[in-house]
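The values are calculated or read from the model by the stated rules, or taken from the named source; none is laboratory data. Keep in mind that this is a model prediction, so the values were computed, not measured. Heads up, the Cβs are rebuilt from the backbone with ideal geometry, glycines too, and the neighbour counts pull from every protein chain shown.
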Amino acid sequence: MAQKAIREYDGKALFSKQWGNYFSGFHYGFKSVLVQSGAELLAKAEEHGFEWLKQESLVAKPDMLFGKRGKNDLVLFKDQKPGDVSLAVAAKWIDEKMAHTVTLLSGQHGHLTHFIVEPFTPHSQEQEYYISATCVGEDDVLYMSAEGGMEVEEGWDEKVNEVVIPIDMSDADMEHAVKANIPTDIPAKDRESFTSFAIAFFKFYRDMNFAYLEINPIVMLDNNDMAILDLVARLDDTAGFLMRDTWGDIEYPTAFGMEDQTAEEKAIADADSKSGASLKLTILNPLGRVWTMVAGGGASVVYADTIADFAEATGGSIADLANYGEYSGGPTTSETKFYADTVIDLMTRHKDSKGRDKILIIGGAIANFTDVAKTFTGIIQSFETYADKMKEHNTKIYVRRGGPNYEKGLKDIKEAADRLGLYIKVYGPETHVTDIVRMALEK
Amino acid sequence: MTKLFTKDTQAIFWNNNTTAIQRMLDYDYTIKRAKPSVAAIVAPTSGNKFEKFFWGPDEIMVPLFKSTADAKKAFPHADALLNFASFRTAYDVTMEAVEIGGFKTVMVTAEGIPERLARKMNNTARTNGVTVIGPATVGAIAPGAFKIANIGGTIENIVQSKLHRCGSCGLVTRSGGLFNELSNIIAINADGIAEGVAIGGDRFVGSVFIDNMLRMEKNPEVKYMVLLGEVGGTEEYKIIDAIKAGQITKPVIAWCIGTIAKHFSSGVQFGHAGASANADAETAAAKNKAMAEVGIYVPASFNDLPNKIAEVYNELKAKGIVTEITEPDMNTCPTVRKSKEFICTISDDRGDEATYAGFPISSLATPDTGKGIGDVVSLLWFKKQYPKWATDFIETVIKTVADHGPAVSGAHNAKVTARAGKSVVESLVTGLLTIGPRFGGAIDGAAEYFKYADDNKLTPADFLNHMKKVGVPIPGIGHRIKSLKNPDLRVEGLKKYAKEHFPSTSLLDYALTVEQLTTSKKENLILNVDGTIGILMVDMWRALGYSEEDINEFISSGTLNAFFIVGRSIGFIGHVLDEKRLAMPMYRHPMDDILYDVQVADKI
């Protein structure tokens, strides 16, 4: 996936690092810390440069990619009255929030682990503005509003001005377009500052290879002092090789509520990152009955589609589908064996709750260049390791594949399964790619 | 443009991906293309000049170039660039190609080009009228005409999927793997495809479904289209709009994969980077429904797609819109092929009569053919038919350098060897072995340095200074006894011939201005015979249309020396035969002609 969300803290850190290059004339203090417990916050306050944690009143909120934290009552800004949160109160609040699971209004559910803590910034609603940029279709779009804060989503069309900036637009034209579209309700005293800030913001968004960047609200204090109260950002991670030095070692956290990757998923992702081939694994239901080992990105989707269709049509459910993933791009025999070991090991951990047979779909379209016999050798080696376990789970194997050397691959895998006493059905390109799913489930 | 490729389309392949290129050439051979579909390869880091590939049972050479610009210059008609650079450089390669111009299509295979660069690349190409296929694609194919790299897989699969000849379906997909699969399905259930494009899996691809389908609408060979879309994005809606607007009238069969995504609220990325539904309208189900509503043939599921294709095809056949295809003859690529160890590009002894660069020996040998040694040299050394003024010049040179008396080192060596009782060939080679930088080398040196001075527009004074700095006496200048007043008649003859017969003598003219300066310093610093030959050879090649790089290469590969070797061999053999005739005894150098200065070796 090319676009990856980053933490608010990391987004602000990037602003701070680049501030002088883009926002000269404005000032930004970057007083933020990211902590994973109350104790860590207390310890941070003892460090040089973080004295403000003890001196100023604070705001604390989770920094875990999800939005609408105010509506979810997850922003700590008052103890008795707004702006009176002390370090001790913030630390205590963080520990409380971490103590049990949280369910958001969206239904996402999970443990809070990361919090961003900043000084409370007294300001008026009039000082709050909205600014964001992203790519829509082929063009970049800059959004600006005189009204910041979480209400901006309501009445978007009336409140927000958008500037479409085609990829080949010159800086001069871009600046002209931004100027021409500054919301009319921005007060005259802030107008000029806001315009130069918006232009700089767009350049920053563009040059830093953001896919999405939103500040809501951005607060314009006196003397061009800017406060970034809330920030959402996604980076285009394909630009990583260009931005290594600029971005630094930035983290891409898993979305809140998403289970952390299992050890198996992590192992496959790790193997993928070290290989020229493509190895992907997502476990959808570890207790599922139908396990897949599909070659090719497109094919993996149609197999998942078809399994869902037939599972539902034959009295099962989507829960039958245990995993999603692919191995493709010419993996070596040992990479394929590792992938097969991982899938088959997961498959043979739990008996089907309804006592049904396990189904292993070894599917794939007609390969362009992957040597089928070579990859199947890896799968056969895995069969040899797991044959007994597979038999314990009454595994039925359905194979369909074409491409370079497929006849040998199919013959080898059939012979191996027969030799090991495994149930197997083997098909080549004369059979429709997903028809083995029908054969396996339509009984 | 109604067709992406024709049977004459040739490509420049960026990156020497030999497997993919061999696949293309196997395809070309199978479908009996006249010319290989890959005209040239760009391999910036390779030191080689060509790469060998199989052409059916034979082998051909595809030239390698260091840059796209060089390749395009050599093959201006090659209008497809197959950009196989990595995601780090693919953007630069495409941008450079657009800048160079003359490319109709650029295919980009890299996956994961930074999005902003991909957008810039696609936009620049579009503005310049270049169709970009990809990034992140396996390519495109015009069956029976041109195939990009690995698309279609092995040659066996290509024939099985009827991708070797034109069918009647226009196929567009995102996925490359499923492209093959669809081709197979269409071959089984209909009559194969007429043109197919896998547009690529990245979020920003150059040509999208609509671009390709609008072209297919105009392609008379396409009778209906199959579109395999994906969850995510709104590209399929552009097809719907085009149908509503009457821009697409041919039947369309379509399916969007990724119906699975509805079962998982978030977090699981099904399919390509471009495939993620951000709105309800972007789900596979919504798109399938919307497409069905405008009359696109949408099957009940992917598994049902083959039946839908058969249904539409049979309908079109019943209406007479598609007709039965006569299967064309094909060549068969041998399954076992052995790469040749040696290459010969100058002569051939396989036919009835051996040939020199295509000319039977009998057509060159006898006097009535009007051909001389100069012609044979031009054919066997340069693989060209030089005009008479040039072949005459070559012969003049050979005659001029044939001998220079018994005292020069080569002749002396040959004579000593002959007197030791050795054969003609042994004696000859001992003579030849002295040819090099000090003996005969002035021809090479003169050509090299005078050409350098002329190329760099050095004045004669600058040139002399330059040579002084390099610390080399100017090769080709100076004679033991001759001077301007007492000229070397061989030189006069060569100059006279050149002035009368060469279209131009730019380097000689320059050399004569240098000679004026050198002779003003010392009388005998004239342009000598070696210098004149070297310089006039350069003038000859310039007049024959060779580029300066070609000529530099002739010089650096020792071609000029070769003229001296051929000519002087005549003289050496003369000296050897002379010795044999005279039956001279073994030669022993007189001891009083040797300075003996031998010290007792120190112990160390």
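Against the numbered list (1) within 14 Å of another protein chain (Cβ to nearest Cβ); (2) closer than 21 Å to residue A:396 by Cα, residue A:366 comes up short only at (2). Among residues of region B:288-303 being part of a helix (DSSP H, G or I) and either over 15 Å from residue B:258 (Cα atoms) or at pLDDT 95 or above (or both), the one that is farthest from the other protein chains (Cβ to nearest Cβ) is B:293. Checking each residue in region A:273-302 for being part of a helix (DSSP H, G or I) and buried (at least 19 other Cβ atoms within 10 Å of the Cβ) picks out A:297, A:298, A:299, A:300, A:301, A:302.
Of all the listed residues (A:330, A:316), the sole one being small (Gly, Ala, Ser) and at negative phi is A:316. Restrict the check to region A:406-428 and report whether at least one residue is under 19 Å from residue A:289 (Cβ atoms) and facing chain B (nearest Cβ under 8 Å). The answer is no, given that none of the residues of region A:406-428 is under 19 Å from residue A:289 (Cβ atoms) and facing chain B (nearest Cβ under 8 Å). Checked against the criterion of being of a type in the set (D, E, K, R) and in contact with a helix residue (DSSP H, G or I) (Cβ under 6 Å, 6 or more places away or on another chain), the candidates A:222, A:236 yield just one match: A:236.
I need the full set of residues from region B:198-211 which are touching a residue at least 60 places away in the same chain (Cβ under 8 Å) and either part of a helix (DSSP H, G or I) or away from chain A (no Cβ under 14 Å) (or both), in order please.
The first filter runs over region B:198-211 and keeps only residues touching a residue at least 60 places away in the same chain (Cβ under 8 Å), leaving B:198-207, B:211.
Matches in region B:198-211: B:211 only.
The number of residues in region B:505-525 that are at pLDDT below 95 and outside any helix (DSSP H, G or I) comes to 4.
Among the residues of region A:239-272, the ones that are over 14 Å from the mean Cα position of the chain (by Cα) and under 27 Å from residue A:13 (Cα atoms) come to 11 in all. Taking the conditions (1) closer than 25 Å to residue B:158 by Cβ; (2) in a loop (DSSP other than H, G, I, E, B) in turn, residue B:314 satisfies each one other than (2).
Candidates in region A:117-139 are the residues that are surrounded by fewer than 21 Cβ atoms within 10 Å (Cβ to Cβ) and touching a helix residue (DSSP H, G or I) at 6+ places or on another chain (Cβ under 7 Å); of these, the one that is nearest to residue A:83 (Cα to Cα) is A:119.
Within region A:323-342, is even one residue surrounded by fewer than 21 Cβ atoms within 10 Å (Cβ to Cβ), more than 13 Å from every other protein chain (Cβ to nearest Cβ) and over 19 Å from residue A:378 (Cα atoms)? Checked against the condition, which is being surrounded by fewer than 21 Cβ atoms within 10 Å (Cβ to Cβ), more than 13 Å from every other protein chain (Cβ to nearest Cβ) and over 19 Å from residue A:378 (Cα atoms), region A:323-342 yields no hits at all.
Kindly indicate the residue of region B:52-81 that is part of a strand (DSSP E or B) and among the aromatic types (Phe, Trp, Tyr) and also nearest to the chain's Cα centre (by Cα) among those meeting that condition. Give the derivation first.
Step one: filter region B:52-81 for residues part of a strand (DSSP E or B), giving B:52-55, B:58-65, B:80-81.
Pick out the ones that are also among the aromatic types (Phe, Trp, Tyr) and you get B:53-55, B:65.
Details: B:53: 13, B:54: 16, B:55: 16, B:65: 6 Å.
Top of the filtered list is B:65.
Taking first residues from region B:177-188 that are touching a residue at least 24 places away in the same chain (Cβ under 8 Å) and facing chain A (nearest Cβ under 8 Å) and partners that are surrounded by fewer than 24 Cβ atoms within 10 Å (Cβ to Cβ) and assigned to a helix (DSSP H, G or I), the Cβ contacts under 8 Å between residues at least 6 apart in sequence or on separate chains come to B:180/B:157; B:184/B:157; B:184/B:160; B:185/B:306; B:185/B:309; B:188/B:306.
For beta carbons closer than 7 Å, sequence separation of 6+ or different chains, a first residue in region A:388-416 that is without any contact (Cβ under 8 Å) to a residue 40 or more places away in the chain and a second that is assigned to a strand (DSSP E or B) and among the aromatic types (Phe, Trp, Tyr), the qualifying pairs are A:397/A:423; A:399/A:427; A:400/A:427.
Within region A:229-241, residues that are more than 10 Å from chain B (Cβ to nearest Cβ) and in contact (Cβ under 8 Å) with a residue 60 or more places away in the chain sit with their Cβ atoms under 6 Å from residues that are crowded, with 24+ Cβ neighbours inside 10 Å and among the polar types (S, T, N, Q), at 6+ positions apart or across chains, in these pairs: A:230/A:216.
Could you tell me whether any residue of region A:375-384 is over 24 Å from residue B:149 (Cα atoms), surrounded by fewer than 17 Cβ atoms within 10 Å (Cβ to Cβ) and in contact with a strand residue (DSSP E or B) (Cβ under 8 Å, 6 or more places away or on another chain)? No: region A:375-384 contains no residue that is over 24 Å from residue B:149 (Cα atoms), surrounded by fewer than 17 Cβ atoms within 10 Å (Cβ to Cβ) and in contact with a strand residue (DSSP E or B) (Cβ under 8 Å, 6 or more places away or on another chain). Scan region B:219-233 for residues that are part of a loop (DSSP other than H, G, I, E, B) and more than 10 Å from every other protein chain (Cβ to nearest Cβ) and the total you get is 6. Look at region A:299-317: where a residue is more than 7 Å from chain B (Cβ to nearest Cβ) and in contact (Cβ under 8 Å) with a residue 24 or more places away in the chain and a partner is in a helix (DSSP H, G or I) and among the charged types (D, E, K, R), sitting 6+ places away or on another chain with Cβ atoms under 9 Å, you get A:307/A:320; A:310/A:438; A:311/A:320.
Is it true that residue B:153 is within 13 Å of another protein chain (Cβ to nearest Cβ), closer than 26 Å to residue A:2 by Cα and either surrounded by 24 or more Cβ atoms within 10 Å (Cβ to Cβ) or out of contact with any Lys or Arg (no Cβ under 9 Å at 6 or more places or on another chain) (or both)? Break it down stepwise before answering.
Values: within 13 Å of another protein chain (Cβ to nearest Cβ): yes; closer than 26 Å to residue A:2 by Cα: no; either surrounded by 24 or more Cβ atoms within 10 Å (Cβ to Cβ) or out of contact with any Lys or Arg (no Cβ under 9 Å at 6 or more places or on another chain) (or both): yes.
In short, no.
Looking only at region B:455-472, residues that are of a type in the set (A, V, I, L, M) and either outside the structural domain of residue B:522 (by TED's automatic domain parsing) or assigned to a helix (DSSP H, G or I) (or both) come to 4 in all. Against the list (1) at pLDDT 95 or above; (2) under 22 Å from residue A:300 (Cα atoms); (3) acidic (Asp, Glu), the condition residue B:195 fails is (2). Quick check on residue B:284: is it at pLDDT 85 or above, more than 13 Å from every other protein chain (Cβ to nearest Cβ), surrounded by 15 or more Cβ atoms within 10 Å (Cβ to Cβ) and under 20 Å from residue A:309 (Cβ atoms)? Taking the combined requirement at face value, the residue does not satisfy it.
Among B:98, B:130, B:106, which is the only one that is within 21 Å of the chain's Cα centre (by Cα), more than 14 Å from chain A (Cβ to nearest Cβ) and either at pLDDT 95 or above or within 18 Å of residue B:209 (Cα to Cα) (or both)? Steps first, answer last, please.
Working: B:98 fails: more than 14 Å from chain A (Cβ to nearest Cβ); B:130 fails: within 21 Å of the chain's Cα centre (by Cα).
Exactly one of B:98, B:130, B:106 is within 21 Å of the chain's Cα centre (by Cα), more than 14 Å from chain A (Cβ to nearest Cβ) and either at pLDDT 95 or above or within 18 Å of residue B:209 (Cα to Cα) (or both), namely B:106.
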